[in-house]
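Undergrad: Sharing a structure, written as structure tokens. Questions coming.
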Amino acid sequence: MVPPLAFGMAMLNLAFDKIEGMGYNNVFSTGNLKKAVTGWCAYFLEGDRQGLTAAVNYTGLVSAFILGALLSAVLQRVWGTTTIWGASVLLTIVSGLYAFLLYRRSQYTKSPFYRSGQDDGHLD
């Protein structure tokens, strides 16, 4: 069981490694927690605005991880082992939406009205 799980986690870590240009770990949360604390310290101790942006992003990631774990624990008490189907459906929906958005972005950049190098913020 461990080798397929390790392979899947490695693929996830490789495929999704940045959010808003900043690296993050979606497989485990300790690195994100460290970056959140570092960002908050940089903002409060040095007034670094980029530290604030990083702190907010990483705090959101860690919070989402915690909320997901809590929700999963509650749902497992209610639904038992069928909870995994809910997670699978949710992941399928999110993956489909992400693929759709990537498709839309590729169509947008192929448009004759798209000005390469002078992006007006539509993709942010």
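The values are calculated or read from the model by the stated rules, or taken from the named source; none is laboratory data. Since we're looking at a predicted model, the values are computed, not measured. Every residue, glycine as well, gets a Cβ built from its backbone with ideal geometry; the counts of neighbours run over all protein chains shown. Each accessible area value is taken on the protein alone, full model and side chains, heavy atoms only, with ligands, DNA and RNA left out. Shrake-Rupley method; radii C 1.70, N 1.55, O 1.52, S 1.80 Å.
Undergrad: At 222 nm, what helix-only mean residue ellipticity would the chain give, in deg cm²/dmol to the nearest 500, using -39500 (n - 2.57) for each DSSP H run of four or more? Before the final figure, lay out the partial values.
TA: On the way: 4 runs with 90 residues, N = 124.
About -25500 deg cm²/dmol.
Undergrad: Right, next: Could you calculate, for the chain, the ratio of the Cα radius of gyration to the Kirkwood radius, expressed as Rg to Rh?
TA: Taking Rh as the inverse mean 1/r over Cα pairs, Rg/Rh reads 1.05.
Undergrad: Please give the direction-averaged projected area of the C-alpha convex hull for segment 12-56, in square nanometres with one decimal. Mind showing how you got there, number by number?
TA: Numbers: hull surface 11.7 nm².
The orientation-averaged projected area of the Cα hull of segment 12-56 comes to 2.9 nm².
Undergrad: If I compute solvent accessible area with a 1.4 Å probe over the protein chains, what percent of it on segment 1-92 is carbon and sulfur? Let's see the in-between values first.
TA: Details: 4990 of 6910 Å².
Carbon and sulfur atoms account for 72 percent of the accessible area of segment 1-92.
Undergrad: Can I ask one more? What number does segment 34-88 give for Rg over Rh if you use C-alpha atoms and the Kirkwood radius? Write down the numbers at each step before the final one.
TA: Working: Rg = 16.4 Å, Rh = 12.8 Å.
When Rh is taken as the Kirkwood radius, the ratio is 1.28.
Undergrad: Could you sort the peptides 50-57, 19-26, 97-104 by per-residue average Cβ neighbour count (10 Å cutoff), highest mean leading? Each step should come with its number before you reach the end.
TA: Working: 50-57: 16.8, 19-26: 13.8, 97-104: 10.4.
Top to bottom by mean Cβ count within 10 Å: 50-57, 19-26, 97-104.
Undergrad: Over the chain, give the accessible area per residue in Å² for a 1.4 Å probe, as an integer.
TA: Working: 9870 Å² over 124 residues.
Heavy-atom accessible area per residue stands at 80 Å².
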